[in-house]
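Quick notes on the structure that follows.
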Ligand code: FAD
């Protein structure tokens, strides 16, 4: 079995104050589908940006990303930040953990001189740090 992790950033097409209902729909659909396909991970939303980490067998992760997530018109400017082989599934307790905006998570960006949350700016060497913070969040 070859385990794999894919992380991406994207932007909501709706403004922040109108996203709540979409987020519930997205998480509900994700949990149902991901459970059936042994996919794990975390979805973070903050200030108009999505950050998602998908973990599982490579075939399953590629499938959900290419045939569902990339086709979803509720977000745009999808940019893959990382796709690597992994030894273990970090988010193995969650078929899709939802991590809402949290000021404490901003610290990583503030540490790097950024005043707003912007997952597009995450460098490969900062991703694991961000994932660890989301894990504990
Ligand atoms: P439907 O619910 O009928 O939706 C079909 C299409 O219609 C959707 O792809 C979408 O483009 C569009 N749509 C649906 N509702 C709305 C709406 N309220 N406004 C505008 N357009 C709409 N799915 C997973 O299985 N696993 C994941 O981990 C996952 N993560 C996601 C992360 C993000 C950031 C987003 C935006 C979506 C994610 N999804 C995930 C959801 C997935 O992309 C869709 O929910 C799923 O493809 C819908 O499939 P469905 O067969 O239920 O179709």
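Collect the residues in the stretch 96-127 that are in a loop (DSSP other than H, G, I, E, B) and either within 16 Å of the ligand (Cβ to nearest atom) or without any contact (Cβ under 8 Å) to a residue 24 or more places away in the chain (or both), keeping them in residue-number order.
96, 100, 101, 112, 113, 114, 115, 117, 118, 122, 123
Out of 77, 92, which single residue is more than 8 Å from the ligand (Cβ to nearest atom), outside any loop (DSSP other than H, G, I, E, B) and out of contact with any helix residue (DSSP H, G or I) (no Cβ under 7 Å at 6 or more places or on another chain)?
Checking each option against the conditions leaves just 77.
Does residue 31 satisfy the condition of being more than 29 Å from residue 114 (Cα to Cα), touching a residue at least 24 places away in the same chain (Cβ under 8 Å) and either within 9 Å of the ligand (Cβ to nearest atom) or assigned to a strand (DSSP E or B) (or both)? Walk me through it before giving the result.
On the way: more than 29 Å from residue 114 (Cα to Cα): yes; touching a residue at least 24 places away in the same chain (Cβ under 8 Å): yes; either within 9 Å of the ligand (Cβ to nearest atom) or assigned to a strand (DSSP E or B) (or both): yes.
So residue 31 fits the description; yes.
Looking at 128, 60, 123, 52, which is the one that is surrounded by 15 or more Cβ atoms within 10 Å (Cβ to Cβ) and more than 26 Å from residue 20 (Cα to Cα)?
After applying the criteria, what remains is 60.
Is it true that residue 87 is within 12 Å of the chain's Cα centre (by Cα) and more than 10 Å from the ligand (Cβ to nearest atom)? Lay out the reasoning, then the answer.
Values: within 12 Å of the chain's Cα centre (by Cα): no; more than 10 Å from the ligand (Cβ to nearest atom): yes.
Spelling it out, it is not the case that residue 87 is within 12 Å of the chain's Cα centre (by Cα) and more than 10 Å from the ligand (Cβ to nearest atom).
Taking into account only those residues within the stretch 34-67 that are in a loop (DSSP other than H, G, I, E, B) and near the ligand (Cβ under 10 Å from one of its atoms), which is farthest from residue 90 (Cα to Cα)?
So the first thing to find is which residues in the stretch 34-67 are in a loop (DSSP other than H, G, I, E, B), and the list is 37-39, 47-48.
Remaining after also requiring near the ligand (Cβ under 10 Å from one of its atoms): 37, 39.
Numbers: 37: 17, 39: 11 Å.
Across the stretch 34-67, the extreme among qualifying residues is 37.
Just the residues that are free of Cβ contacts under 8 Å to residues at least 40 places away in the same chain and touching a strand residue (DSSP E or B) at 6+ places or on another chain (Cβ under 7 Å), please, taken from the stretch 7-28.
Listed by number, the list holds a single entry, 19.
Within the stretch 9-24, which residues are surrounded by fewer than 11 Cβ atoms within 10 Å (Cβ to Cβ) and near the ligand (Cβ under 8 Å from one of its atoms)?
The one that is surrounded by fewer than 11 Cβ atoms within 10 Å (Cβ to Cβ) and near the ligand (Cβ under 8 Å from one of its atoms): 21.
Just one of the numbered conditions (1) in contact with a strand residue (DSSP E or B) (Cβ under 7 Å, 6 or more places away or on another chain); (2) free of Cβ contacts under 8 Å to residues at least 60 places away in the same chain; (3) within 25 Å of residue 121 (Cβ to Cβ); (4) more than 9 Å from the ligand (Cβ to nearest atom) is not true of residue 4; which one?
If we test residue 4 against (1) in contact with a strand residue (DSSP E or B) (Cβ under 7 Å, 6 or more places away or on another chain); (2) free of Cβ contacts under 8 Å to residues at least 60 places away in the same chain; (3) within 25 Å of residue 121 (Cβ to Cβ); (4) more than 9 Å from the ligand (Cβ to nearest atom), just (2) comes out false.
Each value in this text was obtained by applying a stated rule to the coordinates, not by laboratory testing. Everything numeric in this text was worked out from a predicted model, so none of it was measured. Using ideal geometry, Cβ is built from the backbone for each residue, glycine included, and neighbour counts are taken over all protein chains shown.
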